[in-house]
1. Going by the conditions given, is A:E378 within 27 Å of A:F16 (Cβ to Cβ), acidic (D, E), open to solvent by 10 Å² or more (accessible area, probe 1.4 Å) and touching a helix residue (DSSP H, G or I) at 6+ places or on another chain (Cβ under 6 Å)?
2. Select from region A:424-433 the residues that are in a loop (DSSP other than H, G, I, E, B) and surrounded by 15 or more Cβ atoms within 10 Å (Cβ to Cβ) and list them in ascending order.
3. Determine, yes or no, whether A:H235 is within 14 Å of RNA strand B (Cβ to nearest atom) and at pLDDT 95 or above.
4. Pairs under 7 Å by beta carbon, first residue more than 13 Å from A:G40 (Cβ to Cβ) in region A:302-325, partner assigned to a loop (DSSP other than H, G, I, E, B) and near RNA strand B (Cβ under 6 Å from one of its atoms), six or more apart or different chains?
5. Taking the options A:F243, A:F213, A:F303, name whichever one is within 15 Å of RNA strand B (Cβ to nearest atom) and assigned by TED's automatic domain parsing to the domain that holds A:L370.
6. For region A:320-352, how many residues are outside any helix (DSSP H, G or I) and surrounded by 19 or more Cβ atoms within 10 Å (Cβ to Cβ)?
7. Which one is least open to solvent (accessible area, probe 1.4 Å) among residues in region A:353-375 that are within 8 Å of RNA strand B (Cβ to nearest atom) and touching a helix residue (DSSP H, G or I) at 6+ places or on another chain (Cβ under 9 Å)?
8. Residue by residue through region A:264-300, note down the ones that are part of a helix (DSSP H, G or I) and near RNA strand B (Cβ under 10 Å from one of its atoms).
Amino acid sequence: MELHLYNTLTRRKELFRPIRDGEVRMYHCGPTVYQRPHIGNYRAFLFADLLRRVLELADLKVTQIMNLTDVGHLVDDAEEGDDKLEAQARKDKLDPWQIVETVTEQFFIDMEALNVKRADAYPRATDHIPEMVAMVETLIDKQHAYRVGDNVYFDVHSFPAYGRLSGNRIEDLEAGARLEVNDEKKHPADFALWKSDEHHLMKWDTVFGPHGFPGWHIECSAMSRKFLGDHFDIHTGGEDNVFPHHECEIAQSESVLNGPFVNLWMHTKFLQVDGGKMGKSLGNAYTLDDLSERGYSALDYRFLMMRGSYRTSLNFTWEALKGAAEARRNLNDFRSRLLGESGAEGGVALDAIAADSAVAKARQAFRDALADDLNTSESLAALFMLRNAYVHGKLSASEYPAALTLLDEADGVFGFLDAVESGGLSDQEVDQLIQERGEARAAKDFARADTIRDKLSAANITLEDTPDGVKWFRG
RNA sequence: GCCGGCAUAGCCAAGUGGUAAGGCAACGGAUUGCAAAUCCGUCACCCCCAGUUCGAGUCUGGGUGCCGGCUCCA
């Protein structure tokens, strides 16, 4: 399975070739844990999960790292504003370390609800101060950075490729930026590697002075290097990370390493709400709880995200979420119906089935679409077409086990199917109850018939009264 | 203001030169003790204007709108 993935750096789709055969190392910019992430934040993390699962589908061994930013991410501009965490701490009159714990815990609860696979590690910035300091020292030694008092800045003119990722030119940045209030930098576009502020709550005593804390960008450079090595395959983030964050990471890391840092940069477009921007001040920055209050599960949201391209901004509306929830239910039912057919057990070797069978064709379409820069929309369409073939009776019973296996394979990527619950009744018991209900109905004892139906329903059994008799499945 | 991206039916969305995937909703019908579910059928000239081409949603130019970066944000 050959994957073609879009690289922000080269602005085109490229054939993906791992640095080490059969192995992929990737790093994701994770949340800044100062308040609970909203559903827009989770779009980027769901993308990271999708990417990991597709790489695994392509038989690659994935090492996946997602950082937690718990210091240094400033509210205002990178040099003068408050630290996001500290600002929240002051607002809530809480210790910033306490906020980190609370939000991190909530983050993992949300991620689990979204059926996101655990990364290999979630390093925290505050646990890697020594690595960052070492890197900053190297940058100073190599004259890519300079000290002004207890502060350290990166000299963007020392790195000729600065601006390549984002398409920005240093001159334009200077021209476009608002008035620069920090006059201790040599150039306005220079960015902070290390800052000092005695009023900061989270601060460290280092070679640079007693009250220091790291710049936001150096955190990811230091942590990705520690966990993935100097040169690794993929780095992802939201589109807002392209500049300045990732641009700065490249400058720092490549200046330290004298070599390539990341081969493939991938970025998720933002989620919009009702055609416009999502923001806390607009009151439309929903959390998973907001969705839950309206009766939607985290998996419904996950499925909605899977229906669109990660490279196009996706418009969140309640109607769209409802549509996704219904569509997801239909695929769930498809699986349930296949399971309900006698003999459909799954576990079929899909590579071995006849290439001209409906299932093989669907599988090919499903995989080809994903291999084309994660075209989930088209990939899911292949599954719905298989469902249509089944509904229209164009799928022979002998193909059901393979169809079921394909659904399982697809669920391995999309992660949207509900767990099948036995409901505590065996097939024999269900058949027995359905027969009793049939007798009740024949005798026009509808009260009894409905009681039985309710009992089955409570055990997660769905009944359908069709012209061909009663059908049932679990789910 | 400067730089970049996007614009497809009521909603979400795929599609990069050859005559509009898929899903949801809606509508008509079938079935039904009721309800649900299910089944059959219907449903787009692709933001506007101009151009290139035998042929354009797909390319070019100009508008308009939205989004992103320059400024905290996935």
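1. The answer is yes for A:E378.
2. Our first condition is that a residue be in a loop (DSSP other than H, G, I, E, B); within region A:424-433, this holds for A:424-426.
Across region A:424-433, the qualifying residue is only A:L425.
3. On the way: within 14 Å of RNA strand B (Cβ to nearest atom): yes; at pLDDT 95 or above: yes.
Answer is yes for this residue.
4. Short answer, once both residue conditions are applied: A:S309/A:N375; A:A324/A:R307.
5. Values: A:F243 fails: assigned by TED's automatic domain parsing to the domain that holds A:L370; A:F213 fails: assigned by TED's automatic domain parsing to the domain that holds A:L370.
Among A:F243, A:F213, A:F303, only A:F303 is within 15 Å of RNA strand B (Cβ to nearest atom) and assigned by TED's automatic domain parsing to the domain that holds A:L370.
6. To start, the set of residues in region A:320-352 that are outside any helix (DSSP H, G or I) comprises A:341-349.
Among the residues that remain, those that are also surrounded by 19 or more Cβ atoms within 10 Å (Cβ to Cβ) are: A:344, A:348.
Summing the residues that are outside any helix (DSSP H, G or I) and surrounded by 19 or more Cβ atoms within 10 Å (Cβ to Cβ) in region A:320-352 gives 2.
7. Going through region A:353-375, the residues within 8 Å of RNA strand B (Cβ to nearest atom) turn out to be A:369, A:372-373, A:375.
Filter once more, keeping what is touching a helix residue (DSSP H, G or I) at 6+ places or on another chain (Cβ under 9 Å): A:369, A:372, A:375.
Numbers: A:A369: 4, A:D372: 63, A:N375: 46 Å².
So the residue we want is A:A369.
8. Going residue by residue through region A:264-300, those that are part of a helix (DSSP H, G or I) are A:280-282, A:288-293, A:298-300.
Residues satisfying the conditions are A:K280, A:S281, A:L282.
The values are calculated or read from the model by the stated rules, or taken from the named source; none is laboratory data. Fair warning: this is a prediction, and the values are worked out from it, not measured in the lab. Here the Cβ is made from the backbone with ideal geometry for all residues, glycine too, and neighbour counts use every protein chain on show. Only protein heavy atoms, including side chains, enter the accessible area calculation; ligands, DNA and RNA are left aside. Shrake-Rupley method; radii C 1.70, N 1.55, O 1.52, S 1.80 Å.
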